[in-house]
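Trainee: Once you've had a glance at the structure underneath, I'll fire off some questions.
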Amino acid sequence: MSSLKLNDLSWAATQARGQPHWLLQNIDLQVDEGEFVGLIGPNGSGKTSLLRCAYRFNQPTGGSVTLDGQDLWQQTPRWSAQRIAVVLQEFPQEFGLSVTDVVAMGHTPHKGLFDSDTADDAARVEQALHNVGLTQAAHHAFATLSGGEKQRVLLARALVQRPGLLILDEPTNHLDPRYQLELLRHLRQLGLSTLASFHDLNLAAAFCDRLYVIAGGRIVAHGTPSEVLTTERLLQVFGVHALVDAHPLADCPRITWIPHP
Ligand SMILES: Nc1ncnc2c1ncn2[C@@H]1O[C@H](COP(=O)(O)OP(=O)(O)OP(=O)(O)O)[C@@H](O)[C@H]1O
Ligand SMILES: [Mg+2]
């Protein structure tokens, strides 16, 4: 299991006339070993950009990203791929590949160029598909699956990768309520170090050990769900009125949006 640290990180996209456009500033964020950490914030606040910095896609303009104390950008892309698995918002266009093929791609970072898959690799793929409830779809074409099924296949691929750190960009956005809950319960049981962005704040509240709130490219709050998810902060950050009380059946806050305040 791994630990992740973003230390005073900033990131700028380069604009047409070479001017930096700062999209992330002064980000301090940590995921300890085995911790499940959520990242919440409005559309365009910088969640995906921050996650991209954490998995060695966006190179920080300032500050650093370290995994187990090693600076990601001092290591090779393969080093990162062997330790960090990612499930993104967008789906890859895997035309012609079966579900099993897509999940088996999770082995790639651990293989040499001419290594073929072993019986143990095949068993891992089968187990991962079982874990996401898609054993029946093993031989279906990936392209023909529904959005929610694709999401689950990509999670299975990430699990096959045997990561020390899992990064998930809105992992539940295509899933129906049953699979939202099943997926998050399953992820929690795995006990992996995880950093995930969420739009559904009730899911974030129920499943995350800690939350970071991002707005305008800056972390504006962090702490346990109860510390972070207050009526005032939700109004401040999302501009929406909410009732926040204790969930009657679970040990977490409950958010009820108020449509006509
Ligand atoms: N490579 C890039 N070049 C220019 N601007 C970018 C780039 N990547 C992201 N942005 C801008 O950065 C801002 C934050 O985008 P980002 O995708 O990180 O937001 P987000 O919080 O993930 O939003 P959402 O909730 O809609 O997924 C947006 O305004 C986006 O247009
Ligand atoms: Mg995003």
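Trainee: I need the full set of residues from segment 201-229 which are within 18 Å of the chain's Cα centre (by Cα), within 16 Å of ligand 1 (Cβ to nearest atom) and among the hydrophobic types (A, V, I, L, M, F, W, C), in order please.
Mentor: Answer for segment 201-229, where residues must be within 18 Å of the chain's Cα centre (by Cα), within 16 Å of ligand 1 (Cβ to nearest atom) and among the hydrophobic types (A, V, I, L, M, F, W, C): Leu201, Leu203, Ala204, Leu211, Val213, Ile214, Ala215, Ile219.
Trainee: On the given criteria, is Thr172 assigned by TED's automatic domain parsing to the domain that holds Leu29 and within 22 Å of the chain's Cα centre (by Cα)?
Mentor: Yes.
Trainee: Taking segment 165-186 as the region of interest, how many residues are surrounded by 16 or more Cβ atoms within 10 Å (Cβ to Cβ) and within 14 Å of ligand 1 (Cβ to nearest atom)?
Mentor: 7
Trainee: From the list Val99, Val65, pick out the single residue that is within 27 Å of Leu183 (Cβ to Cβ) and not assigned by TED's automatic domain parsing to the domain that holds Ser10.
Mentor: Sole residue among the options that is within 27 Å of Leu183 (Cβ to Cβ) and not assigned by TED's automatic domain parsing to the domain that holds Ser10: Val99.
Trainee: Let me confirm something: among Ser146, Ser193, which residue is polar (S, T, N, Q) and over 30 Å from Trp79 (Cβ atoms)?
Mentor: Answer to the selection: Ser146.
Trainee: Identify, from the list Leu88, Leu39, the residue that is in contact (Cβ under 8 Å) with a residue 24 or more places away in the chain, outside the structural domain of Leu24 (by TED's automatic domain parsing) and within 10 Å of ligand 2 (Cβ to nearest atom).
Mentor: Among Leu88, Leu39, only Leu88 is in contact (Cβ under 8 Å) with a residue 24 or more places away in the chain, outside the structural domain of Leu24 (by TED's automatic domain parsing) and within 10 Å of ligand 2 (Cβ to nearest atom).
Trainee: Could you grab the pairs with beta carbons closer than 6 Å, sequence gap of 6+ or different chains, first residue in segment 157-179 and over 22 Å from Thr108 (Cα atoms), second one modelled with pLDDT of 95 or more and polar (S, T, N, Q)?
Mentor: As it stands, the answer is Glu170/Ser197, since those pairs meet every condition given.
Trainee: When you look at Asp120, is it more than 30 Å from Ser49 (Cβ to Cβ), surrounded by fewer than 11 Cβ atoms within 10 Å (Cβ to Cβ) and free of Cβ contacts under 8 Å to residues at least 12 places away in the same chain, yes or no?
Mentor: yes
Trainee: Where in segment 1-111 are there helices (runs of 4 or more DSSP H), lying wholly inside it, with at least 1 residues that are away from ligand 1 (no atom under 14 Å from the Cβ)?
Mentor: 77-81, 99-104
Trainee: To continue, here is another question. Return the total of residues in segment 141-163 being surrounded by fewer than 18 Cβ atoms within 10 Å (Cβ to Cβ) and more than 16 Å from ligand 1 (Cβ to nearest atom).
Mentor: Here the count works out to 6.
Trainee: Could you pull out the residue among Arg188, Arg218 that is closer than 19 Å to Ser2 by Cα, of a type outside the set (Phe, Trp, Tyr) and not assigned by TED's automatic domain parsing to the domain that holds Gly147?
Mentor: Arg188
Trainee: If Gly44 passes every condition in (1) within 16 Å of ligand 2 (Cβ to nearest atom); (2) of a type outside the set (A, V, I, L, M); (3) touching a helix residue (DSSP H, G or I) at 6+ places or on another chain (Cβ under 8 Å) but one, which one does it miss?
Mentor: (3)
Trainee: Moving to a separate point now. Asp68 fails exactly one of the following numbered conditions: (1) over 20 Å from Ala221 (Cβ atoms); (2) acidic (Asp, Glu); (3) out of contact with any Gly (no Cβ under 8 Å at 6 or more places or on another chain). What is the number of that condition?
Mentor: (3)
Trainee: If you scan segment 209-243, which residues turn out to be over 17 Å from Ser45 (Cβ atoms) and surrounded by 18 or more Cβ atoms within 10 Å (Cβ to Cβ)?
Mentor: Arg210, Pro225, Ala242 - these are the residues of segment 209-243 that are over 17 Å from Ser45 (Cβ atoms) and surrounded by 18 or more Cβ atoms within 10 Å (Cβ to Cβ).
The values are calculated or read from the model by the stated rules, or taken from the named source; none is laboratory data. It should be emphasised that the depicted structure is a prediction, and the values quoted were computed from it without experimental measurement. Methodologically, a virtual Cβ is constructed for each residue, glycine included, from the backbone with ideal geometry; neighbour enumeration extends over all protein chains shown.
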